[in-house]
């Protein structure tokens, strides 16, 4: 007997999760769903899922674990659709970059004894500089040597939290518990703000009279600086994230504008020594981050207590003791 897990959203994150769980087929029956059935079938062909279901309610009927690997702007409607078919003690996790509104929706829509835990995936550092996105950018080791931020609202049983941490370990990631406000602030700075900067740079340049000629000279620096906007979905998704994290994002944007103004003043006054010093500080800061991001195990060194990673057998046993033993429901016609 295996535990059914449904992953809704078969882009890079959802498909990578399915691929990673492929090493544990004795533990999971992997069901995938995507509003684009061609993308879901592509993920299945890659080996990420045992089954894809075009019917969203059917896909969750017998699941002990559901992962919403969706943009923020799609989560509310998805929760509304699946809520009536959720089994008791199901654990629902999402991978949206900000959680404040998701927690509100969950509180409003989930029936009793259905539990939500937020995930913030931090990918394997070997993929930091890749430009691919979508299902074809999925990898079974996307989360290996990465970290999984976990957000647990009040009232979630410890068994459900343990299930989420074990799930993270099966993906190859360490877990780190985070406060909702702390998580949203960090994601505003490191996930949403870079995309907004890319959008602002594009709007600053492509609408100028000289762009017709400038576009011929735009090279690697321009492509790198604007690539964040191309990697993370549609404008509607980014706009929803920005508004959801408004309080945190405005604070980070104020700090950005202050630094931008200071740099402008250094250039305007031709203060070359100070400008070089600031640019060097920035470069060293990035090099330090890349080194730490590649080599450091922050979850293990900073989180206490040190929780040993369970074996697959231990996780498998635990999945059955929490939400795994249930009488299957017949799928809807």
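The values are calculated or read from the model by the stated rules, or taken from the named source; none is laboratory data. Treat the numbers as computed from the prediction; the structure is a model and nothing was measured. For neighbour counting, all protein chains shown are included, and Cβ atoms are generated from backbone atoms with ideal geometry for every residue, glycine included.
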| request: Return a yes/no flag: does the range 9-28 have any residue that is more than 23 Å from residue 128 (Cα to Cα) and under 19 Å from the mean Cα position of the chain (by Cα). | output: no
| Taking the range 51-73 only, how many residues are free of Cβ contacts under 8 Å to residues at least 60 places away in the same chain and either assigned to a strand (DSSP E or B) or crowded, with 18+ Cβ neighbours inside 10 Å (or both)? | 6
| query | What helices (runs of 4 or more DSSP H) completely inside the range 196-261 contain at least 2 residues that are more than 29 Å from the chain's Cα centre (by Cα), surrounded by fewer than 15 Cβ atoms within 10 Å (Cβ to Cβ) and modelled with pLDDT of 90 or more? | reply | 211-217
| message | I need the full set of residues from the range 136-176 which are over 15 Å from the mean Cα position of the chain (by Cα) and closer than 30 Å to residue 250 by Cα, in order please. | response | 152, 153, 154
| task | Scan the range 127-150 residue by residue and report those that are surrounded by fewer than 20 Cβ atoms within 10 Å (Cβ to Cβ) and either under 16 Å from residue 174 (Cα atoms) or not assigned by TED's automatic domain parsing to the domain that holds residue 79 (or both). | result | 141, 144, 145
